Amino acid sequence: MPSLKDLRTRISSVKATQKITKAMQMVAAAKLRRAQAAAEAARPYALRMNSVLVNLAESVMGTPAAPKLLSGTGSDKTHLLIVCTAERGLCGAFNSSIARLAREKALALMAEGKVVKIICVGKKGNDLLKRQFAKEIIEFVDLRSVRYIGFENADQIGRSIIARFENGEFDVATLFYARFKSVIQQFPTALQIVPAVVPVKDKSAGASAAYEYEPDETTILASLLPRNISMQVFSALLENAASEQGARMSAMDSATRNAGDMIKKQTIKYNRQRQANITKELIEIISGAEAL
């Protein structure tokens, strides 16, 4: 049975931890506002670019003039997985859920006889995947020195992906990240970015407007598709940043409440132990007096 001193030390330690988790929760809440605003501001641009790609791709899809980033290499033998996670932990299951989705995808592809290559964007994803896929990880992007994610950070990753595709290092690229919905809801997402997935238009909605482009569609797509890849990576990083702060805020709130419950239990235990010691001392004093 622990002594009163041990219980006091334990209570003090939990109180100190509670102060830290409460402070981290408040910091995450402050960062979440900025990260959420940035993620929501990027969504309309990404949606509009996707709609433009749909219109452009409709006229060149299936023709010899279609860019390889749109039509693909004609094979799906080699897959590149770009796994975006956080640089730090203490955010619940945020990092592990993204890594789990990527791991399941990699194992499924390897079971089909495909070649898998992995680019890890974020330290935590690299730490979680390198235990099982050390040979498959071909690049690790460390963003710990970046305070606020900018398009230039995503553009560097996008250019690296495009360069590897042009060198014939892979056939299909899939982006893994967490889509932010709320503080308590972040959804691990897998998005194919090479070749670009063009949704089929709903013909039941009626005839759409016809556009004439200058220069031609092929020239525009050759410039727009690489930028779209960088934009998709940028959007994923922004969604991740918001999801990370939301997950951390929720995790630290739970930790703070759990610490409070632990302090109450330890305090009750301390008071009972103290009362038992006092009762024991009184019994010893009374027994000694009666013996005289």
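Couple of notes before you dig in:
- Selected residue (only one of Met61, Met1 is touching a residue at least 60 places away in the same chain (Cβ under 8 Å), open to solvent by 60 Å² or more (accessible area, probe 1.4 Å), touching a Leu at 6+ places or on another chain (Cβ under 9 Å) and more than 29 Å from Val146 (Cα to Cα)): Met61
- Failed criterion for Ala16 (all others in (1) assigned to a helix (DSSP H, G or I); (2) under 27 Å from the mean Cα position of the chain (by Cα); (3) at pLDDT 95 or above hold): (2)
- Flag if Lys135 is surrounded by 14 or more Cβ atoms within 10 Å (Cβ to Cβ) and farther than 17 Å from Ala236 by Cα: no
- Top-ranked residue in the stretch 169-185 [being of a type outside the set (A, V, I, L, M) and at pLDDT below 95; ranked as most open to solvent (accessible area, probe 1.4 Å)]: Lys181
- Any hit, the stretch 262-284, residues being over 30 Å from Lys22 (Cβ atoms) and in contact (Cβ under 8 Å) with a residue 40 or more places away in the chain: yes
- Selection over the stretch 1-51 of residues that are closer than 21 Å to Ile193 by Cα and small (Gly, Ala, Ser) gives a count of 5.
- The helices (runs of 4 or more DSSP H) located wholly in the stretch 67-133 that include 1 or more residues which are under 21 Å from Glu244 (Cβ atoms) and in contact (Cβ under 8 Å) with a residue 60 or more places away in the chain occupy 94-111.
- Across the stretch 249-264, a minimum of one residue is classified as in contact with a Cys (Cβ under 7 Å, 6 or more places away or on another chain), of a type in the set (A, V, I, L, M) and at pLDDT 95 or above.
- If the condition is being within 17 Å of the chain's Cα centre (by Cα), within 21 Å of Gly89 (Cα to Cα) and not in a strand (DSSP E or B), then the stretch 134-152 contributes Asp142, Leu143, Arg144, Val146, Arg147, Tyr148, Ile149.
The values are calculated or read from the model by the stated rules, or taken from the named source; none is laboratory data. Computed from a predicted model, the values in this text were never measured in an experiment. When we count neighbours, we look across all protein chains shown, and the Cβ atoms used for this are built from the backbone with ideal geometry, even at glycine. Surface areas here come from the heavy atoms of the whole protein model, side chains and all, with no ligands, DNA or RNA. Shrake-Rupley method; radii C 1.70, N 1.55, O 1.52, S 1.80 Å.
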